[in-house]
Every structure is written in structure tokens, then in C-alpha cells.
Amino acid sequence: MTTSDQGAKSDASGARDDVPAAVGVRPALDFAAELGRLRGEIDEIDLEILEGLNARAERVAQVGRLKRSAGNAPVYVASRERDLIAALVERNRGPFPDAGIPHVFREIISATRSLEEVVRVAFLGPQGTFSHQAAVRQFGALADLVVAAHIRDVFDLTERGNAHYGVVPVENTTEGAVTECYDALVESDLTICGELQLEIHQNLLSNAGSLEAIKTVASHPQPLAQCRSWLQRELAGVETLETASTALAAQRAAQDPTIAAIGSEVAAEVYGLEVLERSIEDRRGNTTRFLVIGRDRPAPSGRDLTSAVFTVSKDRSGALFRLLEPFARNGVNLTAVGSRPMKGKSWEYNFFVDMEGHVDDASVATALEEAAAVAHSSKVLGSYPSAEGAS
């Protein structure tokens, strides 16, 4: 055997077959090719989605023309949007997460609804509050949002036609009833058109870049109290600063990177802040219920609530029992009962009642009629689609 026979063989190019190929070369080439293929398919799917969005937009524009020809048909129908999203979630096969569907389709609905008419929505400001977040959540980013300084101003803007709808907080699971809203509902001719429940998450907002760079934490006294344990654990010794609102705290943080604000995610977007830590509240489940107010009376949707207010004679024994008894007798489930002092009348009260069902339902209509017969005064505040829970 020759020396060349005993050594490793070489091919014509001089490569030796006893030297292994460079580790990872082929897999790297395969990875790049596969990544390119998948990205190409994603691009094609995105184009299909775009085509679908444009097809939807064309139909919505046709709906807008049909509504205008019919006269006074509302551009916003809360039950239609609620049921559409619920049906999509139910039919979702995955792996797209169910939790992402409401957010994606609310923006799709908002964008295409603007082809019918740009909806103007008043909310309790300033920008960056949870009321702002609720308005965006309900109507989408393309709604024309109008800032109001007080809850009464939200009602006034909507009553005068400067806004199609208003979004107002009515109660919170931690703080209780928003009394200014209840008082405005009694005095206003507007109707409740819908509701939403927003789970309140407090976030640490700053451009500091890290917790170590923060010297002051600013917020409204309530969020500071709700995050006390987290602050003591994660930012021990850092100064806290009380402000008139979470939005004002966010403004301060935007001006000074050593300041962090506690507030909503929408405040971070509005004031150009980074969300350093999410959901820093000490207790979960803090939820605020918001009402959508307007001039359009919603039709029955099959899952509705009705709100009404009554007054009763304080000199009549058992007056409150007589007021509530018709609802039990007619099988109408009451979901909430509350009271507020009447303005200008000492020790007399407005009684607010929420019930399941629509005022057009026979049982609800009968119960309301019988309750009004024993009340000193009565007013239906609205029948509207119920929310599907916190979002």
C-alpha cells in the first residue's frame, strides 16, 4: 500500500474527507431559508387581512349610506359590538389569544365606523385618566375624544350636541358610588346607552430607565395608597409626591426623568413615558363601572339592564318595601339598590335601582309601572346592553 493509500483521501478540489464540515453552517443556512419562507407567508397573510379590512370598510360605508337615508339611525350600537366580539371569541380556534380579540376588533370597528361618521365622545379629563382609557376602550382610537373638566360638563357637552356620547364613571369596587354622576343622571334628559367595566391597573411610568434612578414617585393620593406595599418593598426610602390627578403626575414625570408617576397605560402613551412596572397595585380586582350616555335609546338586545330612580314619602311607613315589592312579584332581578340625598330637601332621598331586562320587556314594564304608582316620583334612566365583565 502506498503512502497516499494510507493517508486521508482528497477530492479534486483538495478537500479532505477526514475533516468534518464547519459546525452549524448547514443549520444556519436552513434557519435563514426557513425564516425567510415564514416571513414571506406572513406578508401574504397580512395582505389578505388588508383585503378583508377594505372589504369590511366598503360594507360599513354602505351601511352608513343606508342609515343616512333612513334618517336618525344611531352610528354606535353597543349591543352590536358586544355581540360581534363575543361571537368571534367563541369561534376562535387559536392559537391567536382570546384576550387579544376585543382589543384588535374594537380598533377595526372604530376605524371602519369613522367611514359612517366620526363619533365625538366626551370624557372626564384630563388626558391620561382612567376615564380617558375607558373612552378609548369603548370607542377606539379613531373616535374624536373631547376632554371635560367635570362629570357635569360631560353631560352638558352631550346634551348640547357637542358630543354624540359621554363616558362617565358611576361606581368603583373600592371607592363606591361616584355621587356626582348619580346627581347628574337625575337632572339630565340624556339616557344611558351602555356600560363598561374597566379593571384598574396602576403602572409605574417614567423615563428614568431603571428603578434605581427614581428619586420621587408622584400620583393622586388614592393610587399612592393602593400601591403602598409595592412602593415600600421596591422603592423603599423614595419620596412620594401627591398630585391633583394621575395625569398631572404623568406630566411631572415627563418633565423630569428622576420622577416616576403612578397611572394608566394610556397616560404613558399621552405623555411619552415608559411603563417601567405594570400592575403594581397591592390588591387585584379593583374595577370601575362606566356608563355611556347619549340621546339614542337602545333597542332590546337580549342581555340588558335597566336603571331607574324613585322618590318615596318619608312619612309613609313601609314606603321603600312597597317600592321594591313589585320587582319581586314580577320576577325582575334587582342587581343594585342605592340612595342619594335629594338636593334642597333635608332627609329625603333618591333611590336608584338597577335591574336585569329591558324596559320593553313585559315583566320589567309592569314592575316599573307598579313601583311608580307607589312612589312619589319616578324616572327611567335608561335600558342598555349589559357589559360582559371587566376588560
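Let's test the formula: R0 of 35 Å, r as the Cβ-Cβ distance of residue 212 and residue 39. What FRET efficiency results, to the nearest 0.05?
Approximately 0.35, to the nearest 0.05.
Based on the Kirkwood radius over alpha-carbon pairs, what value in µm²/s does the Stokes-Einstein equation return for the translational diffusion coefficient of the stretch 146-290 at 37 °C and 0.692 mPa s?
200
Could you work out how far apart the two model spin labels at residue 278 and residue 258 are, taking each label as a point 7 Å from the Cα in the direction of the beta carbon, and quote it in nm?
Computed distance between label sites residue 278 and residue 258 equals 3.0 nm.
So how far, in whole Å, is the C-alpha centre of the stretch 325-385 from the one of the stretch 42-109?
For the stretch 325-385 versus the stretch 42-109, the Cα centre distance is 35 Å.
Per DSSP helix of 4 or more residues, -39500 (n - 2.57); summed, then divided by the residues of the chain. What does that give at 222 nm, rounded to the nearest 500?
So the calculated ellipticity at 222 nm is -13000 deg cm²/dmol.
At a 10 Å Cβ-Cβ cut-off, how would you order 183, 256, fewest neighbours first?
The fewest-first ordering by Cβ neighbours comes to 256, 183.
Based on the alpha-carbon gyration tensor of the stretch 205-254 and its eigenvalue square roots a ≥ b ≥ c, which shape applies: rounded if a/c is under 1.5, prolate if not and a/b is larger than b/c, or oblate?
Oblate, because a/c is 1.5 or more while a/b does not exceed b/c.
In Å, what Kirkwood hydrodynamic radius results for the chain from the alpha-carbon pair distances?
Result for the chain, one decimal place: 25.0 Å.
What FRET efficiency would be calculated for the residue pair residue 70, residue 47, taking the C-beta separation as r and a Förster radius of 30 Å, to the nearest 0.05?
0.30
So, with +1 on the Cβ of K and R and -1 on the Cβ of D and E, and no other charges, what is the size of the charge dipole of the stretch 187-248 about its Cα centre, to the nearest 20 debye?
400
If packing is taken as the mean number of other Cβ atoms within 10 Å per residue, what is the order of 333-339, 153-159, 50-56, highest first?
Descending mean neighbour count gives 153-159, 333-339, 50-56.
Check the straight Cα-Cα distances from residue 343 and name the aspartates and glutamates below 13 Å, setting aside those fewer than 8 residues away within the same chain.
180, 183, 187
Could you compute the FRET efficiency for residue 317 and residue 369, with r as their C-beta to C-beta distance and R0 at 22 Å, rounded to 0.05?
It comes out at approximately 0.45.
Hey, which aspartates and glutamates would be in cross-link range of residue 215, C-alpha to C-alpha under 18 Å, not counting anything within fewer than 8 residues on its own chain?
234, 239, 242, 256, 274, 277
What is the stretch 44-117 by shape, rounded, prolate or oblate, if you read a ≥ b ≥ c off the alpha carbon gyration tensor as root eigenvalues and call it rounded for a/c under 1.5, prolate for a/b larger than b/c, and oblate otherwise?
It comes out oblate by the Cα gyration axes.
Every number here is computed from the coordinates shown, using simple stated rules; none is lab data. No experiment lies behind these values; they were computed from the predicted model shown. Using ideal geometry, Cβ is built from the backbone for each residue, glycine included, and neighbour counts are taken over all protein chains shown.
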